[in-house]
There are 4 protein chains.
Amino acid sequence: MPDVVGMAVIGAGYWGPNLVRNVQAHPGMHLRWVCDRDLPKAQAVVGNSSTALASANLAEVLADPAVTAVAIATPPSTHLPVALAAFAARKHVLVEKPLAPSVRDGRRMVDAAERAGLVLMCDHTYCYTPAVTLIRNLVADGELGDIQYVDSVRIGLGLVQRDVDVLWDLAPHDLSILDFVLPAHMAPTAVAAHTADPLGAGRACIAYLTVALPERAIAHAHVNWLSPMKLRHTIFGGSKRILVWDDLHPTQRISVFDRGVDLADPGIGLEARREALVSYRTGDMVAPALPEREALAAVMDEFASAVLESRRPATDGRAGLRVLAILEAAARSAADGGMFVPLRSSS
Amino acid sequence: MPDVVGMAVIGAGYWGPNLVRNVQAHPGMHLRWVCDRDLPKAQAVVGNSSTALASANLAEVLADPAVTAVAIATPPSTHLPVALAAFAARKHVLVEKPLAPSVRDGRRMVDAAERAGLVLMCDHTYCYTPAVTLIRNLVADGELGDIQYVDSVRIGLGLVQRDVDVLWDLAPHDLSILDFVLPAHMAPTAVAAHTADPLGAGRACIAYLTVALPERAIAHAHVNWLSPMKLRHTIFGGSKRILVWDDLHPTQRISVFDRGVDLADPGIGLEARREALVSYRTGDMVAPALPEREALAAVMDEFASAVLESRRPATDGRAGLRVLAILEAAARSAADGGMFVPLRSSS
Amino acid sequence: MPDVVGMAVIGAGYWGPNLVRNVQAHPGMHLRWVCDRDLPKAQAVVGNSSTALASANLAEVLADPAVTAVAIATPPSTHLPVALAAFAARKHVLVEKPLAPSVRDGRRMVDAAERAGLVLMCDHTYCYTPAVTLIRNLVADGELGDIQYVDSVRIGLGLVQRDVDVLWDLAPHDLSILDFVLPAHMAPTAVAAHTADPLGAGRACIAYLTVALPERAIAHAHVNWLSPMKLRHTIFGGSKRILVWDDLHPTQRISVFDRGVDLADPGIGLEARREALVSYRTGDMVAPALPEREALAAVMDEFASAVLESRRPATDGRAGLRVLAILEAAARSAADGGMFVPLRSSS
Amino acid sequence: MPDVVGMAVIGAGYWGPNLVRNVQAHPGMHLRWVCDRDLPKAQAVVGNSSTALASANLAEVLADPAVTAVAIATPPSTHLPVALAAFAARKHVLVEKPLAPSVRDGRRMVDAAERAGLVLMCDHTYCYTPAVTLIRNLVADGELGDIQYVDSVRIGLGLVQRDVDVLWDLAPHDLSILDFVLPAHMAPTAVAAHTADPLGAGRACIAYLTVALPERAIAHAHVNWLSPMKLRHTIFGGSKRILVWDDLHPTQRISVFDRGVDLADPGIGLEARREALVSYRTGDMVAPALPEREALAAVMDEFASAVLESRRPATDGRAGLRVLAILEAAARSAADGGMFVPLRSSS
């Protein structure tokens, strides 16, 4: 296998040009094709100055032996057939989130990849930001203590989309980060969701997800397409420290707060524990310096390495499947009045 | 009746000193007593330079004919007996939120006030801020159009309290504002709540409330004692404009955003409507100038006027009762797994 | 001498009520009088519930043997006669900034206090905030290294005042903080100023001060009455760390940034030093927790202690005089086209 | 002349890749060459997937008849020879700011372009942002009234550079914006500057510029490489409205504040005018919606149009020259102790 991965990007819509730009900029990749049913669109993404080819014919692209792998940025409903065709042509696959529109489809993709011995990576872009990488490491190293709550807000004016509602559009970000950051023994146990379609748009534009975690912990996400106030922040409340990730604060994305009182001290009796609560207040805060790096460049790094080393990427198809399982259960909860829907331990 | 209201403040704890300061500063009030079971505490609040008296004996205070009205800032569980004693002594009552620890207690207070023909005002302080007054007026004047969603976040490091959980401590603010701002035909129809006590503190420290409103609209509140990031903001999403109230942004508390596309236009057919959604984006924003005024001074104005004019205050006992009804139903929902609990139209 | 300081507040204008409130709230002080030429104004500040007396007659107030000290909040042009009368009556004096409208007046006040053996304290309020106290300590302990630059911005919509221009109104804050924080060997050596009166208001509404410090260091202040954007921040650039004080960011007033590269390392040669610069970038940041405390309460503490212990307060008359010397030189520079005006080492 | 401009980018350092990316993305341009003395650097910028060629030989590039124009992103000291060579080869020139290291060099470039009848455009990138375009229009339409002051802050951690000090690195941004926005009758009349090199880096790392404008107005810029707090904002104070441009606030870049009182009303007498000042306070604020557009794309639009239409671009060589004149005078003022240095009306 060559040490430069020949790439085809399938889908020249909203996200496709970002993939194209990052493939072109990656020293370990070589862009061969941009493919879209709408040929002029594909040609526009290729531009005047590229050696890459444009095509409206997926079969033509997959027949090119110089193509080692494809990046799929088509609508979710088409992920399964495109991925199956790619695996049939023995191409590795990087696919946009959500992995598929259903757990059923997603599982077929995972099974096909595993049977073929090919890489299937889900582009959970946020997991490759310096911020989320740091959060994962701090949690793994015990710096935050036990995770007690995770609260995520991802709101702004979004395009109301044909294919997906706000839950399937935005919550995959929060759920993939949760999946990436939480240790295995803290895997979600149930999910409840309340959604609203106050515009009568035919699909939910506002959703609130509550995720039950082991050990009395809780996670919550607010996703919303209708807010003119743009917010992107998540709080990771730990028993030792509390971390705030504010993705729109470029000079201070991560703030780690010391807690004045450690309530987890087993030597404190119940009464003292309650007293202690009264004096609970914030301590010093540390904002670690973060490198500047485009997440999508790191996604390409990981995908290229996984392909060249024939190994599982950090966010493989199974990670995408775990996210799908929560999304499906959340949709069921929303339809049924907001009750908690239990999650089977998948993966 | 004199045109200066003789006042006694009952309770010299956290909030009492604020009441004392505002009573003293009000030209239409005269502070006679500060009363607390803990006499040195009452004396400390009175201070060196005041003509007011300190007492640990409620009966002594209520027996003073120069006292026209009392302001109650004791723990919620004592609101009912203190208020009933005040009414029996023919004093008007201003009481801190929540009105009472239960709808049952609250209703007894309201009934007692109405039977006695005395003023019962609930100190829903936020309703008297220049910001909330403006929001109410904008909604009443139709400037926002139909309310489609209300999203409120009220989080920070709070004192974990003995008497109440976070729901009863913080959500009364959001619910009283909702009650004050929404027109009557948009009264909440059901409430669901998810809470967590990840510290094992014996009471909820995090709560998420979802309030179903008529016409597919939704309200949501996140209240949290455990967040080192302090946030106090509410979005009022209307069909014409969207208003963001950020109470921690002193120079721009209110931002009113135009919507680029009016989806409520009845002339737009369904397909065009869906197309329109795609181009939905923000328009200009206006931040109206707001006067600087301490809300508690306006509370005192309203209470003094209501007493002198023998009329219902803007946030009377019945408003307090409507808030209590939602709190009780929310607590029930949280205990039962987060299902929506319907609300009877009270008041 | 009693251990409660009998106080008179002279001047019931803008700042007087703040002094009155803090005197009343201070356990070691007792408010006897509020004095203003405009008697109803004095009475309004005293209010309905205070034991203090109102007067329009300074002599009457100074004749009261229960008055140990006076706090002067009259216009600057009257500070000298009021203070001299107070010293003649053997009262200690706390005076608002600026100490006096000229170095000449200020020196007479300082001399009179020292001859009489009485306390003269200048109310450099900001020096008593938890933030500035911390900054002073960090600088004194060498935590920032050598101070290389200080940049201060204090702008907003201010009242254009009759008595003073923006330089004399706002720059005393920045200069008193500089005086309080910098070690003695870093005392300013020269000052330049550019001012503007673009409204034709008859006095400067915008001023830029550049203060030359020893060792190639520089301080700069921008004060402005005409900015709708309110800013209050100061950067203290040190050779080891850089501290940012943002007084309008209540939850993160102080941020201390590590520097990635220590250019002061004497072991680095000139060429390496220049190379090093290229990789100069920010390190981690720490935001220390600060206590919540009203600065004016700490001013009262310091003044009461200085009176009771017959000692110099932290911001004595001489500190006020050093600030005056810079203000006078800055006014001269502004009038002369912005040249640096040298400062004699005063005090 | 073809309607696609064949382009060569000279200089593959810090800014070159941005030019390359925007040339490649522009439908009216075709990238032919990336040229840098360091060939591997040029090749890296071209990348794996481009049809463009890399070269270390300027003559080879200029000899290519398919090259219509060059974009120069080399160090300022080389701008003159590269531009002269380009003009000699009859290529149009887009050059990075500052136009040249001296007015003398800059004038030679302008003269050469005018003699040859070729386009010389200075890449004053900020002038092509949606924000600055709007500001220029608002000023031109009289929406702000007369400009009374302009205050600009552009600070952060910058690379200490070999070729230029902070004045020549950052102040061109502020001065080119001032040149672009101010009407001709408000052209700067003098400049003063104070600079500091507290690190002993051999060049100024902090600079304060004061620019005298006609009609008592003033402009000021603070540029600083040593601040860990990153700020990029400019206030345009007008007699009718005040505009704040905060370039780091992506969702509210422009805020336009109404003034409560119009002091310019000629019917107000002097005394009333002074009284009026007292009640001066902020009015409502409007934040106009701005399109999202990369400024460099608009730079390419303007350059391509100017080349194809053989016309002067909006920021031509003369605009670059006016900026140079202020920079040179500022450097002289800083060397001479901060006195105002008069500016001759150039252009």
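Could you check the range B:179-199 and list, in sequence order, the residues that are assigned to a loop (DSSP other than H, G, I, E, B) and among the charged types (D, E, K, R)?
Taking the range B:179-199 and keeping what is assigned to a loop (DSSP other than H, G, I, E, B), we get B:182-183, B:187-189, B:197-199.
Correct list: B:197 only.
For the range D:213-224, a residue qualifies if it is assigned to a strand (DSSP E or B) and at the interface with chain C (Cβ under 9 Å from one of its Cβ atoms), and the qualifying residues are D:218, D:220, D:222, D:224.
Exactly one residue among C:227, C:255 is within 11 Å of chain D (Cβ to nearest Cβ) and either aromatic (Phe, Trp, Tyr) or closer than 29 Å to residue C:284 by Cα (or both), and that residue is C:255. Scanning the range C:167-199 for residues that are within 12 Å of another protein chain (Cβ to nearest Cβ) and buried (at least 20 other Cβ atoms within 10 Å of the Cβ) gives C:191, C:192, C:193, C:194, C:195, C:196, C:198, C:199.
Filter the range A:313-347 for residues that are of a type in the set (D, E, K, R) and away from chain B (no Cβ under 14 Å); which is farthest from residue A:208 (Cα to Cα)? Give the steps one after another, and end with the answer.
From the range A:313-347, those of a type in the set (D, E, K, R) are A:316, A:318, A:322, A:328, A:332, A:336, A:344; that's our starting set.
From what's left, away from chain B (no Cβ under 14 Å): A:316, A:318, A:322, A:328, A:344.
Values: A:316: 26, A:318: 25, A:322: 19, A:328: 14, A:344: 21 Å.
Among residues in the range A:313-347 that are of a type in the set (D, E, K, R) and away from chain B (no Cβ under 14 Å), the one farthest from residue A:208 (Cα to Cα) is A:316.
Taking each residue of the range D:151-176 that is among the acidic types (Asp, Glu) and looking for partners that are assigned to a helix (DSSP H, G or I) with beta-carbon atoms closer than 9 Å, six or more apart or interchain, yields D:163/D:76; D:163/D:77; D:163/D:169; D:165/D:331; D:174/D:126. Quick one: is residue A:279 under 20 Å from the mean Cα position of the chain (by Cα) and modelled with pLDDT under 80? Taking the combined requirement at face value, the residue does not satisfy it.
Among the residues of the range C:292-318, how many are among the polar types (S, T, N, Q) and touching a Phe, Trp or Tyr at 6+ places or on another chain (Cβ under 6 Å)? Walk me through how you get there before you give the answer.
Of the range C:292-318, the ones among the polar types (S, T, N, Q) are C:305, C:310, C:315.
From what is left, the residues that are touching a Phe, Trp or Tyr at 6+ places or on another chain (Cβ under 6 Å) are none.
Looking only at that region, the number is 0.
Scan D:54, D:71, D:100, D:66 and give me the residue that is within 30 Å of residue A:34 (Cα to Cα), under 19 Å from the mean Cα position of the chain (by Cα) and outside any helix (DSSP H, G or I). Break it down stepwise before answering.
Details: D:54 fails: under 19 Å from the mean Cα position of the chain (by Cα); D:100 fails: within 30 Å of residue A:34 (Cα to Cα); D:66 fails: under 19 Å from the mean Cα position of the chain (by Cα).
One residue alone meets the criteria, D:71.
Reported count of residues in the range C:200-212, each being of a type outside the set (Ser, Thr, Tyr), touching a strand residue (DSSP E or B) at 6+ places or on another chain (Cβ under 8 Å) and at the interface with chain D (Cβ under 9 Å from one of its Cβ atoms), is 3.
Would it be correct to say that residue D:85 is free of Cβ contacts under 8 Å to residues at least 40 places away in the same chain, part of a helix (DSSP H, G or I) and of a type in the set (Gly, Ala, Ser)? Yes: the conditions hold for residue D:85. Within the range A:296-347, track down each residue that is crowded, with 19+ Cβ neighbours inside 10 Å and hydroxyl-bearing (Ser, Thr, Tyr). Answer for the range A:296-347, where residues must be crowded, with 19+ Cβ neighbours inside 10 Å and hydroxyl-bearing (Ser, Thr, Tyr): A:315, A:333. When residue B:22 is tested against (1) more than 10 Å from chain C (Cβ to nearest Cβ); (2) part of a strand (DSSP E or B), exactly one condition is not met: (2). Identify the residue in the range C:93-120 that is touching a strand residue (DSSP E or B) at 6+ places or on another chain (Cβ under 8 Å) and under 24 Å from residue C:330 (Cβ atoms) and, among all such residues, is surrounded by the most Cβ atoms within 10 Å (Cβ to Cβ). My answer is C:99.
Name every residue in the range B:25-58 that is of a type in the set (Ser, Thr, Tyr) and either surrounded by 23 or more Cβ atoms within 10 Å (Cβ to Cβ) or at the interface with another protein chain (Cβ under 10 Å from one of its Cβ atoms) (or both), in order of residue number.
Just the residues of the range B:25-58 that are of a type in the set (Ser, Thr, Tyr), to begin with: B:49-51, B:55.
Of everything in the range B:25-58, those that are of a type in the set (Ser, Thr, Tyr) and either surrounded by 23 or more Cβ atoms within 10 Å (Cβ to Cβ) or at the interface with another protein chain (Cβ under 10 Å from one of its Cβ atoms) (or both) turn out to be B:49, B:50, B:51.
Looking only at residues in the range B:200-209 that are in a strand (DSSP E or B) and in contact (Cβ under 8 Å) with a residue 60 or more places away in the chain, which one is nearest to residue A:196 (Cα to Cα)? Don't jump to the end; show me each part of the working.
To start, the set of residues in the range B:200-209 that are in a strand (DSSP E or B) comprises B:206-209.
In the following step, the residues that additionally are in contact (Cβ under 8 Å) with a residue 60 or more places away in the chain were identified as B:207, B:209.
On the way: B:207: 19, B:209: 14 Å.
The extreme case among them is B:209.
Listed here are the residues, each with its yes/no results for (1) modelled with pLDDT of 95 or more; (2) facing chain A (nearest Cβ under 9 Å); (3) in contact with an Asp or Glu (Cβ under 7 Å, 6 or more places away or on another chain).
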position	(1), (2), (3)
B:248	no, no, no
B:267	no, no, no
B:290	no, no, no
B:299	yes, no, yes
B:311	yes, no, no
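For first residues located in the range B:93-112 and over 23 Å from residue B:67 (Cβ atoms), partners that are in a loop (DSSP other than H, G, I, E, B) and of a type outside the set (Val, Ile, Thr) and lie 6+ apart or on another chain with Cβ distances below 7 Å form the pairs B:106/B:99; B:106/B:100.
The lone criterion from (1) crowded, with 17+ Cβ neighbours inside 10 Å; (2) touching a Leu at 6+ places or on another chain (Cβ under 8 Å); (3) part of a loop (DSSP other than H, G, I, E, B) left unmet by residue A:90 is number (1).
Within the range D:118-140, does at least one residue satisfy the condition of being over 14 Å from the mean Cα position of the chain (by Cα) and among the acidic types (Asp, Glu)? Scanning the range D:118-140, I find no residue that is over 14 Å from the mean Cα position of the chain (by Cα) and among the acidic types (Asp, Glu), so the answer is no.
The values are calculated or read from the model by the stated rules, or taken from the named source; none is laboratory data. Note that the structure is a prediction, hence the values are computed from the model and not measured. Because the Cβ atoms are built from the backbone with ideal geometry, glycine has one as well, and the counts that use them run over all protein chains shown.
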